[in-house]
Amino acid sequence: MHFLINTSIIKKSRTAAFILLLIVPVTQLSAEQEHHDHSMMHQQHHQENSVDLRTPLNLPPEMAQHQLSNMRGHLEAVQKIVALLAESKFDDASGVAWQQLGSRPGMLKMCNRIDNEDFKQRGLSFHKSGDALAEALKTKDTNQSLEALNATLQHCVSCHASYKQ
Ligand code: HEC
């Protein structure tokens, strides 16, 4: 009886050792592959970051500062809108959207001064999305408001992907 148990244990540990022999090189290989893939990704990422293919706007210095300051204002507006939405203060959020993102005449001045037709059009349709956001917030419907906010944010993302100062 003892003898039988021992041989079965030996058999089992032999099988286990055999399986280990098979597994170890495979996992080593996949770890190496992973490392390789990762460094390839890193390289690609690095290349994307070092070659900026976006169209430059070549703004004169004082206009450049003004444009960036407008941009920081836009980001702040989005932050305020999200905070007000979280408190269901739809009317206040709608006011911020109209004042800071919408197509008020003062707001469109900067876009109109930029000497690039496509950029100008993107700017104008972004501000129209700000008007639509102000309207959506007036409905006091959270989903509709978030959809409109998302549409506005898509304008931010796609313009940033195409243009730099
Ligand atoms: C029509 C184009 C356009 C739209 C729309 C747009 N931006 Fe920009 N934004 C730019 C450009 C161009 C820059 C400069 C980027 C660069 O030089 O790398 C910029 C820069 C910024 C910066 C950096 C500011 C700084 O001080 O460096 C922030 C923040 C920003 N945008 C936020 C936003 C937000 C938020 C939105 C949407 C609510 C938005 N932008 C919509 C074109 C746009």
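The values are calculated or read from the model by the stated rules, or taken from the named source; none is laboratory data. Source: prediction; values computed, not measured. For neighbour counting, all protein chains shown are included, and Cβ atoms are generated from backbone atoms with ideal geometry for every residue, glycine included.
Filter the stretch 100-123 for residues that are exposed (fewer than 14 other Cβ atoms within 10 Å of the Cβ) and either within 11 Å of the ligand (Cβ to nearest atom) or closer than 16 Å to residue 75 by Cα (or both) and give the result. Break it down stepwise before answering.
So the first thing to find is which residues in the stretch 100-123 are exposed (fewer than 14 other Cβ atoms within 10 Å of the Cβ), and the list is 105-106, 109, 112-113, 115, 117-118, 121.
Scanning the stretch 100-123 gives 118, 121.
Checking 53, 101, 75 one by one, the residue that is farther than 17 Å from residue 144 by Cα, free of Cβ contacts under 8 Å to residues at least 60 places away in the same chain and in contact with a Gly (Cβ under 6 Å, 6 or more places away or on another chain) is 101 and no other. Only residues that are of a type in the set (Gly, Ala, Ser), closer than 21 Å to residue 57 by Cα and touching a residue at least 40 places away in the same chain (Cβ under 8 Å) were counted in the stretch 143-165, giving 2. What about residue 63, is it closer than 30 Å to residue 134 by Cα and modelled with pLDDT under 95? Yes: the conditions hold for residue 63. Of the conditions (1) of a type outside the set (Ser, Thr, Tyr); (2) in contact (Cβ under 8 Å) with a residue 40 or more places away in the chain; (3) part of a helix (DSSP H, G or I), residue 140 satisfies every one except a single condition; which number is it? The one condition residue 140 does not meet is (3). Checking residue 84 against (1) within 13 Å of the ligand (Cβ to nearest atom); (2) farther than 11 Å from residue 134 by Cβ: exactly one of these is not met. Which one? The failed condition is (1). For the stretch 53-83: of the residues being in a helix (DSSP H, G or I) and over 22 Å from the mean Cα position of the chain (by Cα), which is farthest from residue 139 (Cα to Cα)? Only one residue tops the list, namely 61.
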